[in-house]
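Novice: Structure provided below as structure tokens; questions to follow.
FYI, it's all coordinate maths here, none of it is from the lab. Note that the structure is predicted; figures quoted are calculated from it, not measured. Because the Cβ atoms are built from the backbone with ideal geometry, glycine has one as well, and the counts that use them run over all protein chains shown.
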Amino acid sequence: PIREGNIQSVRYAADRIDDKIKFTDEALTKMVKVPRIFLNTALKGCVKWAIENNVTTIDAHHMDLINDKRAKEKS
């Protein structure tokens, strides 16, 4: 079974990805159900999007935009 994380474990992983890009608690809540094996890849994708869009703090709205972009790419 794949265990989902909690917001503290997601925050720990997010803080280690990039020291300039930050995530709000609401944004990290949207990442809690991401399987741990994919979490770093998902967070790196979010950071890459933030850098491309000049965003320094990723919030829930930004996560929705990132998820919409990802869904369109899958289609």
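Novice: Output the residue which, of all residues in segment 17-75 that are in contact (Cβ under 8 Å) with a residue 24 or more places away in the chain and over 21 Å from residue 6 (Cα atoms), is surrounded by the fewest Cβ atoms within 10 Å (Cβ to Cβ).
Specialist: Result: 20.
Novice: Mind counting the residues in segment 16-55 that are more than 9 Å from the chain's Cα centre (by Cα) and not β-branched (Val, Ile, Thr)?
Specialist: Of the residues in that region, 17 qualify.
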